[in-house]
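Each remark here refers to the structure printed beneath this line.
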Amino acid sequence: MTAITSSRIDAAARRMLALSAGLLVALVGTGAGAAIEITERTSPGGILFWHVEEPAIPMVAFEVRFDGGAALDSVTRPGVARMVTALLDEGAGERDALAFAVEKERRSARFGFSTGRDGASVSARMLVDELAPSAALLAEALTAPRFDGEALERERRRRLSSIRQDATDPDSLARNAWYARAFPDHPYGQPAKGTVASVEAITVDDIRAMHGRLMTLDRAKVAVVGAIDADGAGALVDSILGGLPAVAPEGAAPAAPVDPAPPSGMEIIDLAVPQSVAILGHAGIARDDPDYIAAYVMNHVLGGGGFSSRLMTEVREKRGLAYGTYSYLSDLTDAPLVLASVSTANERVAESLEVIRAEWTRMAENGVSAEELDKAKRYLTGAFPLRFDTNSKIAGFLVAAQVAELGIDYVDIRNGLIEAVSVEDIRRVARRLLQPEALSVTVVGQPAGL
Amino acid sequence: MRLTRSGRAVALTLWLGGVAVFASALSAGVEPGAKAAERVAASIDQPVSVFTLENGLRGVVIEDRRAPVVTHMVWYPVGAADEPWGKSGIAHFLEHLLFKGTDTIPDGAFSKIVAENGGSDNAFTSWDYTGYFQRIAADRLGLVMSMEADRMVNLRLNEDHIRTERDVILEERSSRTDNDPGALFGEQMRNALYQNHPYGVPIIGWRHEMRRLGMADALAFYERFYAPDNAILVVAGDVDADEVERLAIEHYGPLQASGRPPEARPQEPPHRAPRRVEMADPRVRQDYVMRFYAVPSFGMDKRVSAALSIASAVLSDGKNSRLQQSMVFGDGNAIGAAAWYTGTTRDTTVFGLYAAPKPTAGLDMVEADLDAEIARLAAEGPTEDELERIKRKARADLIYAQDSQSTLARLYGAALAVGLSVEDIATYPELYESITPEEVRAAVATWLVPERSVTGQLTRAAETQATAAEENAG
């Protein structure tokens, strides 16, 4: 739920500079002596990646994110992209699923593959002593997956069971229904895991075709973090990704950008549970909008700041209406959203929604006080180093920063961007962004009095 | 399992299956209780030190200099299993109430002060322990220590706090349990397994008892157990062990010891008969079978515990595990199957099995498959190859675990909170490596027997039937 804040510094200019200078360096200055040194590099094979050398532990974290993800699915057959990543370690090259698992275990390598609405991700952790064979195995999974019939059927059964269970899970139901209303003719409106009908229909040909579109170098953002130097990291990147196609085939673009237009008003889905789940939301603010950072700070005060947020204070601390409630800026490419959620007893849903709407209105009309802004800034700037305390987290951040085109020096300038936000900035962005009457609301349960 | 104060459960790798995750980078044990912070080991890169204050508070320090941040935790070795009978949920309710205020930090200001200092905080409750933690810039360690020490003894509650927060925990119960038939089923399974031990009562509490919890119940539990000699301090991150001890003396040192450790809990009698649980709920969309066995924890029998941990890995760890290969791959009867074992409890723990049948198979078929795998392991034990692959995985877990200071902090805190020592953690890898195939076979044959078990089947009920949810909602 953590949004990466963005300022879209001129990425193209930065890249030119990087190429001419050989590398760019940024330090996360933290005031306490420690720092991480982020370097942008190009591998011998020409693949751009970000690198942090961290020798303390004999492991390497390797992270790739391919733009696209489930947005590449067709509206009529969702779930294919996620099926691809589910099957990548179910056999590759000469090895079937069992042989692949045995070799992965022999090398003590840990691979994770996933598909979200906007991207497919690879997260690997490898031991320094087993690096070359681990990398060779990961390369096979990415470039030569087998998609054997036995593995596909096994995954299909598992997936169908999971989708059927979602049909009585209030959280899944609410999320799927909200997005279906907001994006009726776009993959964003379909569950990324697919529907019963689509998953039953998926063929090996669908999967092979999607694999060719999902993972190409032109859409890849890459990071290497751990006990490995620059030359080693470059060779590692080439050995894992070198076999991928340079560009996506024609016609393989994600679905056209879409304006989120969730209908205002409320949809109630009946489910016999004691506690209703509600999702509220409307159109948000783009990452490259000059006011994005102000909106990010505003949301922190509204419902992003955990126990100290206004929603938590009003809904939970003062009234005991719910265990959890929060708001967030969603980072869907081309379709930004601002969303909130609450789970509350059926007979208290109406009151909870009223409280959330009132907070929406109060923020839109009055913004935040100087004291609230100061507290939010102190949290957001002070907590920034907490994102860098493991190799895996650092690798994840480096990729997210590239996806959002934040620039290699983002770690240096980010706290300054937060500090620069004024009460007036927040008043302006809150007035523009928060539209209580436009909220699209989905409630799952048996709410009383709505 | 444990509950957290915020909206999300912390997914813990709590000595579950591959126990070695738990073991730290320690190679040599040293007596706790030394006067100055004493470095106990440094086999790879994370030095671990221990100290004990004069008032009995024990401290563990794990140095990790990679980022200028610190994880500060205080663990009380009491939880839901230490509640008075009829007051289920009070340990967890009190955990929530500890954020309400003291004379110096009133009205919910605790988390706000942490946040204003760039930190995040939370708390959790299990059957065996209750923990509070902050993650914050290393130079704020003294601040969070002063706040944690303050609320160890100076809690101030009013009836408003009780009323609103009781509603919050009732909503938490709805979210976690009553909205989810699988969670309700798990509650029934545990309650059937434990015939006498309070582990059979849910951490969150039974709803009818939660509704009646009041200020006097919360304060009685607080005053009985919250004291420095019942507290374990764990600090991990960019810190110096001697400096941490100095800060601990400054902030926790002045607190008075209670002289009253927690009492032993009622223990299980001999289990003489296998039991069955059959539950139907209209919301179920995937039938499944579960089996729980009552087995020793690590503290009760270290070698048996390590052997059971290896047995669970042989059965269920990875695609080349036995349950995956025989039940899920190829023509197997199951969509999914798993085994697990949690050694870090104080008393008799659970060895669990799970299987969900394919639409073409039935619950009885996958139950018979599970029985066959247990019988085979009890008769033949694991192969040398299987044992070697599991031990290799444990060695790698040990390296990967060092990447996260908060993971290491949780490992130490949980182990000490259930009565284990730093030396137990230090010597665990050696113990794990020394387990033989015959010990695994014998542990399975001795402990995974029908009379120690509960077998449950969860199925879909006809829609007309009154639901468990409705019964619970009243």
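Using the number of other C-beta atoms within 10 angstrom as an exposure proxy, rank A:Asp334, A:Asp425 with the fewest first.
Ascending Cβ contact count within 10 Å gives the list A:Asp334, A:Asp425.
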Taking neighbour counts of Cβ atoms within 10 Å as a proxy for exposure, in what order, fewest first, do A:Ile279, B:Ile136, B:Ile310 appear? A:Ile279, B:Ile136, B:Ile310
Divide, for the protein assembly as shown, the radius of gyration over alpha carbons by 2.2 N^0.38 Å, where N is the residue count. 0.91
If you rank B:Met73, B:Met300 by fewest surrounding Cβ atoms within 10 Å, what's the result? B:Met300, B:Met73
Students often check this: by mean Cβ neighbours within 10 Å, which of A:51-58, A:409-416 ranks highest, and how do the rest follow? A:51-58, A:409-416
For the stretch B:311-375, what mean projected area does the convex hull of the alpha carbons give, in nm²? 4.6
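Using a simple charge model, +1 on the beta-carbon of Lys and Arg, -1 on the beta-carbon of Asp and Glu, nothing else, what dipole does the stretch A:355-450 show about its Cα centre, in debye to the nearest 20?
Here the stretch A:355-450 has a charge dipole of around 200 debye.
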For peptide A:315-322, how many partner chain Cβ atoms fall within 10 Å of a residue's Cβ, on average? 6
Computed on Cα atoms only, the convex hull of the stretch A:343-450 has an orientation-averaged projected area in nm² of 9.7
Hey, if you put +1 on the Cβ of every Lys and Arg and -1 on every Asp and Glu Cβ in chain B, which of B:Ser453, B:Phe225, B:Ala91 ends up farthest toward the positive end of that dipole? B:Ser453
Prolate/oblate/rounded label for the stretch B:84-210 (Cα gyration tensor, a/c 1.5): prolate
Within 10 Å of each Cβ in B:236-243, the average number of Cβ atoms from other chains: 1
If packing is taken as the average number of other Cβ atoms within 10 Å across a peptide's residues, how do B:273-282, A:96-105, B:92-101 rank, most packed first? B:92-101, A:96-105, B:273-282
Can you tell me how chain B classifies by the Cα gyration tensor, rounded, prolate or oblate, using a/c under 1.5 as the rounded cut? oblate
Share of antiparallel DSSP beta bridges in chain B, in percent to the nearest 5? 80
Could you work out the mean count of beta carbons from other protein chains within 10 Å of each residue's beta carbon in B:168-181? 6
Kindly identify the stretch A:40-104 as rounded, prolate or oblate by the Cα gyration tensor criterion: order the square roots of the eigenvalues as a ≥ b ≥ c, call it rounded if a/c is under 1.5, otherwise compare a/b with b/c, prolate if a/b is larger, else oblate. oblate
For the stretch A:198-314, inverting the pair-averaged 1/r of distinct alpha-carbon atoms gives a Kirkwood value in Å of 20.2
For the stretch B:141-283, what are Rg and Dmax over the alpha carbons, in angstrom? 20.3, 59
Skipping prolines and chain starts, which residues have an amide H placed within reach, meaning under 5 Å, of the one on B:Tyr288, given they are 5 or more residues away or on another chain? B:Leu458
Directionally averaged projected area (convex hull, Cα atoms, chain A), nm²: 21.8
Compactness of the stretch B:192-247 - radius of gyration and Dmax, Cα, Å: 18.1, 49
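How big is the charge dipole of chain A about its Cα centre, in debye rounded to the nearest 20, if each Lys and Arg gets +1 on its Cβ and each Asp and Glu gets -1 on its Cβ?
Dipole about the Cα centre, nearest 20: 620 debye.
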Any of B:Lys319/B:Lys391; B:Lys319/B:Lys358; A:Lys104/B:Lys302; B:Lys302/B:Lys393; A:Lys375/B:Lys100 with alpha carbons more than 25 Å apart? Name them for me. A:Lys104/B:Lys302
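Write down the percent of antiparallel bridges among all DSSP beta bridges whose residues are both part of the protein assembly as shown, to the nearest 5. Kindly include the intermediate steps, with their values, before the conclusion.
Working: 107 of 130 bridges.
If we restrict to bridges inside the protein assembly as shown, about 80 percent are antiparallel.
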In chain A, what % of DSSP beta bridges are antiparallel (nearest 5)? 85
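Every number here is computed from the coordinates shown, using simple stated rules; none is lab data. Since the model is a prediction, treat every value here as computed from it, not as a measurement. Reconstructed Cβ throughout: ideal geometry from the backbone, glycine too, with neighbour counts over all protein chains shown.
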